[in-house]
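For reference, the structure is listed below as structure tokens.
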Amino acid sequence: MNGIVDALGGVWNSVLDVTSKLVIPDWGSLIGLLPMFLLVGVIGPLVTLLVLAWLFYFVVKPRTHVTFEEGPRAAPVGPDGRPDFPVGEPYCLNHALVYPSGQTRCPIDGELLSVVCPKCRLGRPAEIDTCGNCGLVLKIVPRARSLRPAGPPPGGAASA
């Protein structure tokens, strides 16, 4: 009987030895793997979340809507109901149109376009590049396309 108890005790000890190898870890090797655990468990998810947030912003970010301004445009109307022509840009008084820089004649009726001097606010023909009043040289050369908003001004008709 003693032999059976010793045999069972030996089997039980070998089962405990195998189980202890599986259950009780080798702390030295686990500490050596700690940088890998940090990389996979902490830094990896943070980088993934940052990339996902960046992609989400890239997809739904607000975009500006602009159109290219080509050709003449209607002059804005002032509070008195008369056209308010911008300074330094050629305009046709007969048709209340503002033309791109560089044009000197109205393509509709062939009349000379006018321009308002930005310095002294005196009007003159667009062909003349020097103001007769203040001497400012306003060379009207074609410039790159100007951009303007595609929709109505902020606030809509209520602000107008």
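The values are calculated or read from the model by the stated rules, or taken from the named source; none is laboratory data. Values in this document were obtained by computation on a predicted structure and should not be read as measured data. Cβ atoms come from the backbone with ideal geometry, glycine included; neighbour counts cover every protein chain shown. Just the protein is used for accessible areas: all its heavy atoms, side chains included, with ligands, DNA and RNA removed. Shrake-Rupley method; radii C 1.70, N 1.55, O 1.52, S 1.80 Å.
In the context of the full set of protein chains, residues of the chain present 77 Å² of accessible surface per residue (probe radius 1.4 Å, heavy atoms only).
Within the accessible surface of the chain, defined with a 1.4 Å probe on protein heavy atoms only, the carbon and sulfur portion equals 67 percent.
Each label was represented as a point 7 Å from its Cα along the Cα-to-Cβ direction; for residue 36 and residue 77 these points are 7.7 nm apart. Remark: segment 6-14, residue by residue, has Karplus-estimated 3J(HN,Hα) of 5, 5, 5, x, x, 5, 4, 5, 5 Hz, where x stands for each Gly or Pro and the curve is 6.51 cos²θ - 1.76 cosθ + 1.60 at θ = phi - 60°. Angle of helix 44-60 to the longest C-alpha principal axis of the chain, folded into 0 to 90 degrees and rounded to 10: 30°. Rounded, prolate or oblate: which fits the chain, taking a ≥ b ≥ c as square roots of the Cα gyration tensor eigenvalues, rounded meaning a/c under 1.5, else prolate when a/b beats b/c? Judged from the Cα gyration tensor, the chain comes out prolate (a/c at least 1.5, a/b above b/c). Here each label is just a point 7 Å from Cα along the line to Cβ, and for residue 19 and residue 121 those points are 9.8 nm apart. Based on the Cβ-Cβ distance from residue 130 to residue 60, what FRET efficiency comes out when R0 is 41 Å, to the nearest 0.05? The pair residue 130/residue 60 has a calculated efficiency of 0.20. Computed from backbone phi, the HN-Hα couplings of segment 20-25 come to 5, 5, 7, 8, 8, x Hz, rounded to whole numbers (Karplus: 6.51 cos²θ - 1.76 cosθ + 1.60, θ = phi - 60°; Gly and Pro given as x). For the chain, the 222 nm mean residue ellipticity estimated from helices alone, with every DSSP H stretch of n ≥ 4 adding -39500 (n - 2.57) and the total spread over all residues, rounds to -10000 deg cm²/dmol. When the Cα positions of 45, 3, 16 are compared along the charge dipole of segment 1-76, 45 comes out farthest toward the positive end, with charges on each C-beta of Lys, Arg, Asp and Glu. Here the simple spin-label model places points 7 Å from the Cα toward Cβ, and for residue 109 and residue 93 these points are separated by 1.1 nm.
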